[in-house]
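Take a look at the structure below.
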Amino acid sequence: MKLDSADRGVAGKWYNQRFEQTIKLPGTLDDAGIGSPVHEDTSVLSKNVMLHLARRVKYVGPVWYQKTIKVNNEMGDAQLLLERVLWKTDCWIDGRMVGSQESLIAPQTFSLGKIKPGNHTITLRIDNRKLYEISVNDFAHAYTDGTQIIWNGVIGRMEINDHSVAAFAQVFISPSLIKKEAVANILLEPQEQGKVYLQTRILLDGKLIKQTKRVLLQTGSAQQAKVFLPQAKPWDEFHPNVYGWEFDLTDTNGKILASRIEHFGFRSLTAQGNSLQINGRPLFLRGTLECNIFPLEGHPPMGTSGWLKVFATAKQYGLNHLRFHSWCPPEAAFRVADSLGFYLHVELPLWALTVGKDHKTLGYLENEAQQIISNYGNHPSFCFWSMGNELEGDFAWLENLVRKLKKQDNRHLYTTTTFSFQKGHGKVPEPADDYFITQYTNKGWVRGQGVFNTNTPDFKTDYSKAVKGTTVPLIIHEVGQYSVYPDLTEIAKYTGVLTPSNFSAVRNDLKKKGMLGLASPYLKASGMLSAILYKEEIERALKTRGVGGFQLLDLHDFPGQGTALVGILNAFWDSKGIIEPEAFRRFCGPVVPLLRFEKAAYVNKETFEATAEIANYSDKTINDELLWTVSSTDNKILFKGSLGKQRIPIGNAEVLGKLSVPLTGFTKAQQLTISLSLAKSNYTNQWKVWVYPNEPETTIPGVHFTTAIDSTIRYLNAGNTVVFNPDTSEVKGIDGRFAPVFWSPVHFPDQPGSMGLLIDNKHPALADFPTSAYSDWQWWDLVTRSRSVQLDGFNNPRTPIIRVIDNFFKNRNLGVLMEFKVGTGKLILCTMDIQHDLNVRPSARQLKNSLMYYAAKTDFKPSQNIAISELSAIIKRPAKAQ
């Protein structure tokens, strides 16, 4: 091989040269360590280092590859196949140019012509420079340095076959579950001699179940084969029955001239009004994205083992659907998805805001669409097809393309774009859409990111108002995007072509600030908040009639685009220790018990009331008894009951009963767990609520509750005990926000930057305020009415009782609840509002009472000191001189 950074190879006729440097193909320059070394300064937490993982070496430009082969028998029409290349390939044999190819998502093939016995030299010039403007900032995942890298080389299969006697050009299979038949339209490549016959066999689970008679074919024209299978088995997530159809071309004597096998399944995928249907029953997509995130190789797996990890893990977490964001995966992905019953959404390699501006790009995209049909169209897992991600531009061209593809290939459902921000688009389906992907309609949000920080949390709301009137199935776009703190133990996993300089920079920043020990608890606490929010997101979707599914962003991390660590799994599809698969499946699976109830926090004069539902997207009606329990944190069952035996049809939003639990017996603040289960089938789901005693605000002699800095200083100077709760408007700090950073604090730097709470829940200050070590719904009111204090500037490091986890791009030491010794005085500083409207804010009232009780105890002996000047510095209005 030979690098051609100056692009002189063609003019210099390098195809007639012999190259000295060797490289192993299939493979990439990055695999071989060839290219300019990449050095990232991880001692500074800079935007540049945080944009994405770093390549160890980098090269963009033409590279020449050469191989001398020995041919023993004459080949009349040798065909070279390269399964996947970035981007353009020119091919020569023995100095003779044979053609160019430029697909990003399908095999590139070259006709080498007649090759006589002997040695022959094949030369490839592969140029990985950008050919067409297919994306914003090279974000489209078919061509990007975000997670897949802009590699140079060949990956997957590399083959030479002789097509001179007989060869298949294309096999297009149309199965019909209703008719119990499959039709194969076969296009042969032109042959020069002899009669050619076709014989086929049908296999299921590797066993021959049908063989057709041998028939004479007319070469050079389209042929058709048909099989009738009266016992045809359906394909879906519960019955992934994949048929193999073997095709043999033979001569008159029965000698096999060419063979091909295609895989297909009998499935009926339709859109009935605003409902998806699979094989005649309702379908709900529980999906996540695959953005070409393979940090060891820097490119997608080309064999089945890598894809088995992806799909098997996704299935463990209750998913049945994957969206390939702005790219199309290789053959191996479809094969594994077929075998496991996954519904795949494929996209053209397009994420552009100027669609239609460049006509050469449009021609390229149309060719790529034909490649997708030809290479992957028969797979039963190939169910959904979008023209690209968040497209803007010429929607008339996009509509025409969709209509053309639908007419050509009706085996998939189509959508014009996977959402759009363009005015007049995105909120309603496009005219040619079979289904519609959006984050909001013209009637409101269908994604929690739009409401979780502004709307008081309740657990009865769904998206019915927003989806009302939709005419095609609606899939919720990129649900979640809740950033989780980096798992610094993950650094050791990066043993391939990419290095986690972004993770290393975060680690070094924490180490400099003396906060490295917080990395692991930050990960756990921010991750648990993310899981809580994903649960509510998914359950709202499952409660809504008219929603056809969701696509998470993401079940696993995207360490590109500003280090978007939005997954409960890492970039390797491995657990971060946040939530186990079986726990996730309780609210994300084919059958999910659901409750609708008013709120998370109650007082003991109230009654907890809830309505029970089941989202049943299994393959059958369920007949089972519906049971409920209320239990304490020590797993003691306090109440239980039955909603009776139920017949639960496939679908959702059917009320199955109501439960009511009086809370009058709870005289102490408690966290309760409400469970709803099916008795025989073991499906269960759980929710937490909190009940507080209906007590007035606590006033304790000797403990001063103050809201002003002046009185606080006066009491402290006199050696008193103070609970200081300044108005949040007076605090120099950072506004409270319940939901964590959206996507990435680097990619979107102007957003509020917190990532949840890290709570010392064993601290005696919280003895009467039951809580876990992380944010949960009872904290929503307190967090959204808070300002966190930055403690980095104090003379000595400070340890808050409740930390606010800062985003990993700033790593400030933030707190909302602290205790200090001030001279002979003692101080609890709370910068969450526990002074206003306490009659309607039970969590705030209970926290205030808990702090007051603690401050009155003899064991309230703060060990951290704070000077009056430091205390005054956190308040905007300076204190009066004392």
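Readers should treat all values here as calculations from the given coordinates under stated rules, not as data from a laboratory. Bear in mind the structure is a predicted one, so any value in this text is a computation, not a measurement. Heads up, the Cβs are rebuilt from the backbone with ideal geometry, glycines too, and the neighbour counts pull from every protein chain shown.
Ranked by the mean number of other Cβ atoms within 10 Å of their residues, highest first, the peptides 271-282, 794-805, 109-120 fall in the order 794-805, 271-282, 109-120.
Highest mean packing first, where packing is the average number of other Cβ atoms within 10 Å per residue, the peptides 535-545, 689-699 line up as 535-545, 689-699. Footprinting exposure proxy ranking of 158, 515, fewest other C-beta atoms within 10 angstrom first, gives 158, 515. Exceedance of the 21 Å cut-off in Cα-Cα distance is limited, within the set 524/688; 195/255; 210/315; 465/688, to 210/315; 465/688. Could you tell me the distance between the Cα centroids of segment 279-325 and segment 368-415, to the nearest Å? If we compute the Cα centre of each part, the gap is 20 Å. Working from Cα pairs under 8 Å separated by at least six residues, relative contact order for segment 781-850 is 30 percent. If you filter segment 564-659 for trypsin sites (Lys or Arg not before Pro), then keep DSSP loop positions with at most 14 other Cβ within 10 Å, what is left? Passing sites in segment 564-659 are 605, 620, 636.
Cα centroid separation, segment 128-155 to segment 694-710: 61 Å. Between residue 441 and 446, the built amide H atoms are under 5 Å apart, and every one of these is 5 or more places off in sequence or on another chain.
Length gained on full extension, residue 580 to residue 869, computed as 0.36 nm times the residue gap minus the Cα-Cα distance: 99.3 nm.
A straight Cα-to-Cα reach below 18 Å connects residue 423 with the aspartates and glutamates 390, 392, 394, 399, 433, residues fewer than 8 places away in its own chain not being considered. Step through the table entries 513/826; 13/58; 47/88; 513/668, compare each Cα-Cα distance with 30 Å, and write down the pairs that go over it. The answer is 47/88; 513/668. Amide H contacts under 5 Å for residue 875: 732, restricted to partners 5 or more places along the chain or on a different chain, H placed in the peptide plane at 1.01 Å from N. Whole-Hz Karplus values for segment 643-653 come out as 9, x, 6, 10, 9, 10, x, 5, x, 8, 6 Hz, taken residue by residue from phi with 6.51 cos²θ - 1.76 cosθ + 1.60 and θ = phi - 60°; glycine and proline positions read x. Listed from fewest to most Cβ neighbours within 10 Å, the set 511, 70 follows the order 70, 511. In summary, the lysines within cross-link reach of residue 407, defined as a Cα separation below 24 angstrom excluding same-chain residues under 8 places away, comprise 179, 180, 226, 360. Counting neighbouring beta carbons within 10 Å and listing from fewest to most, the residues 553, 86 come out as 553, 86. For residue 40, neighbours were defined as the other residues whose beta-carbon sits under 15 Å from its Cβ, and their charges (Lys and Arg +1, Asp and Glu -1) total +2.
Take the Cβ atoms of residue 513 and residue 309, set R0 to 45 Å, and the FRET efficiency comes out at 0.80.
Bridgeable lysines around residue 645 (alpha carbons under 23 Å apart, same-chain partners fewer than 8 residues away excluded): 543, 620, 658, 680.
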